[in-house]
Amino acid sequence: MGARSKARKRAVDVLYAAALRDADPVTLHAERTSVAEHPSPDDYATTLIEGVVAHRERIDELLTEHAEGWTLDRMPAVDRNLSRIAVYEIVFRDDIDDAVAVSEAVELAEELSTDNSPRFLNGLLARIAEYAAP
């Protein structure tokens, strides 16, 4: 697993934990980083978490518009957070290819979520990438 893939997984873990605890993801990430046995700068995970938090309203609007027959509340929490990270990368990051953002989310869903999640996320994120394409 590459460095950015690991950063995406850490970002999902933080967003998921923050949602369960009703905590601020940025603060939770900072706390986890400061108490780690061997803290290391994790710039990309931080970028993802801060980006999702900063653009969450628009990200959630896009997810709601394109999640055919699903509400955000109905989505498994892992899928919701994988989607938020991927949409942040698709819409707000010019340095990440849309196909990479979708592929990374699908791969993490295969590891972390339900059997149906990879197919669901692939379709949802492909629709958003098509919508967001210039």
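The values are calculated or read from the model by the stated rules, or taken from the named source; none is laboratory data. In this text, all values refer to a predicted model and were calculated from it rather than measured experimentally. Positions of Cβ are generated from backbone atoms using ideal geometry, with glycine treated the same way; all protein chains shown enter the neighbour counts. Side chains included, ligands, DNA and RNA excluded: accessible areas come from the protein's heavy atoms. Shrake-Rupley method; radii C 1.70, N 1.55, O 1.52, S 1.80 Å.
Compute the Cα gyration tensor for segment 75-134, then decide on rounded, prolate or oblate, letting a ≥ b ≥ c be the square roots of its eigenvalues: rounded whenever a/c is under 1.5, prolate when a/b is larger than b/c in the other cases, and oblate in all that remain.
prolate
What whole-number distance in Å separates the alpha-carbon centres of segment 58-84 and segment 85-134?
Segment 58-84 and segment 85-134 have Cα centres spaced 12 Å from each other.
Could you do me a favour and compute the accessible area per residue for the chain, 1.4 Å probe, result in Å²?
On the way: 7370 Å² over 134 residues.
Using a 1.4 Å probe on heavy atoms only, each residue of the chain averages 55 Å².
Which value, in debye to the nearest 20, gives the size of the charge dipole of the chain about its Cα centre, when Lys and Arg are +1 and Asp and Glu are -1 at the Cβ?
For this selection, approximately 180 debye.
Compute the length gained on full extension between Asp43 and Arg56: take 0.36 nm times their separation in residues and subtract their Cα-Cα distance, giving the result in nm to one decimal.
Answer, rounded to one decimal: 2.8 nm.
Within the chain, what's the longest run with no trypsin sites (Lys or Arg not before Pro) in a DSSP loop and at most 15 other beta-carbon atoms within 10 Å? Give the range, please.
Result for the longest clean stretch: 1-73.
Within the chain, which is the longest segment that contains none of the GluC sites (Glu not before Pro) sitting in a DSSP loop with at most 13 other Cβ atoms within 10 Å? Don't skip to the end; give the middle numbers.
Values: sites that count: Glu37, Glu68.
That would be 69-134.
Per the 1.4 Å probe, what fraction of the accessible area of the chain, in percent, lies on carbon and sulfur atoms?
So the carbon and sulfur contribution to the accessible surface is 49 percent.
Return a whole-number percent for the relative contact order of the chain, with Cα pairs under 8 Å and 6 or more residues apart as the contact set.
It comes to 23 percent, rounded to a whole number.
Cα gyration tensor of the chain, axes a ≥ b ≥ c as square roots of the eigenvalues: rounded (a/c below 1.5), prolate (a/b > b/c) or oblate?
Verdict is prolate for the chain.
From the residues Leu108, Ile90, Leu72, which one has its Cα farthest along the dipole of segment 52-134 in the positive direction, the dipole being from +1 and -1 charges on Cβ of Lys/Arg and Asp/Glu about the Cα centre?
Value: Leu72.
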